[in-house]
1. Identify all residues within segment 95-133 that are part of a helix (DSSP H, G or I) and without any contact (Cβ under 8 Å) to a residue 24 or more places away in the chain; write none if there are none.
2. So, in segment 147-165, exactly how many residues are assigned to a helix (DSSP H, G or I) and surrounded by fewer than 17 Cβ atoms within 10 Å (Cβ to Cβ)?
3. Being modelled with pLDDT of 95 or more and either exposed (fewer than 15 other Cβ atoms within 10 Å of the Cβ) or part of a loop (DSSP other than H, G, I, E, B) (or both) is the filter; apply it to segment 134-146 and report the residue that is farthest from the chain's Cα centre (by Cα).
4. Looking at segment 140-155 only, could you name the residues that are in contact (Cβ under 8 Å) with a residue 40 or more places away in the chain and within 22 Å of residue 65 (Cα to Cα)?
5. Is it fair to say residue 179 is assigned to a loop (DSSP other than H, G, I, E, B), farther than 27 Å from residue 76 by Cβ and touching a helix residue (DSSP H, G or I) at 6+ places or on another chain (Cβ under 9 Å)?
6. Looking only at segment 173-190, which residues are surrounded by 15 or more Cβ atoms within 10 Å (Cβ to Cβ) and either out of contact with any strand residue (DSSP E or B) (no Cβ under 7 Å at 6 or more places or on another chain) or modelled with pLDDT of 90 or more (or both)?
């Protein structure tokens, strides 16, 4: 059995300094989340996760962060992915999540994050985790050249993959776009039988955490301050209005 290397004080200190350094350039979501939840540096999770036992904690693997989050903006995206995952999970209707359901939720979350944070310094994080020419990994990252010159694949995945990618990651010159719902992404994955190279999923996707009353209260406080971005519901008769 492979032993898990113990976290050193130096590793914990470095991680905390990086999290703090993310705050000035980030929006209020990150500051609010870090104020309400504890943070633990651990190798017990492969990437990052939200755990809620005695009190909510953000668990972060320092090896994953060192490899994929060399930019503070990428560390920010990792934490935001966990935050959005917990918030969206409140609407789940499934007691046990399948692989296809997890991929569908991550596709919605990642696309929503990139539509919100699409400036150059945020680019590259999800790209490094999943290749653009593999299905279903292509659903979890922006297409090559996005947002100004996106190259949507023509012969990748089942029928409808390209159209779904255009809606997940619309070209930057669009003012109104129609983001897909979770059920639409899931339908495409089920149509394909979730065939292909399995993507890297962030987080723990733990329904115990998502239904914890303490975490629900924290997420309610945070969500109450968020502007309407089209992430949690559609407006304008199904379209979201904002230039990317």
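The values are calculated or read from the model by the stated rules, or taken from the named source; none is laboratory data. Here the structure is a predicted model, which is why all the values come from computation and not from measurement. Note that we place each Cβ from the backbone using ideal geometry, even for glycine, and neighbour counts take in every protein chain shown.
1. If we filter segment 95-133 for residues that are part of a helix (DSSP H, G or I), which is where we start, we get 99-116, 120-122, 125-129.
Hits for segment 95-133 are 120, 127.
2. Narrowing segment 147-165 to residues assigned to a helix (DSSP H, G or I): 161-165.
Okay, now just the ones that are also surrounded by fewer than 17 Cβ atoms within 10 Å (Cβ to Cβ), so 162-163.
Of the residues in segment 147-165, 2 are assigned to a helix (DSSP H, G or I) and surrounded by fewer than 17 Cβ atoms within 10 Å (Cβ to Cβ).
3. The residue in question is 145.
4. Here is the first cut: in segment 140-155, the ones in contact (Cβ under 8 Å) with a residue 40 or more places away in the chain are 140, 147.
Correct list: 140 only.
5. On the way: assigned to a loop (DSSP other than H, G, I, E, B): yes; farther than 27 Å from residue 76 by Cβ: no; touching a helix residue (DSSP H, G or I) at 6+ places or on another chain (Cβ under 9 Å): yes.
No; evaluated as a whole, the condition is false for this residue.
6. Just the residues of segment 173-190 that are surrounded by 15 or more Cβ atoms within 10 Å (Cβ to Cβ), to begin with: 174, 177-182, 184-189.
Listed by number, the residues that qualify are 174, 178, 179, 180, 181, 182, 184, 185, 186, 187, 188, 189.
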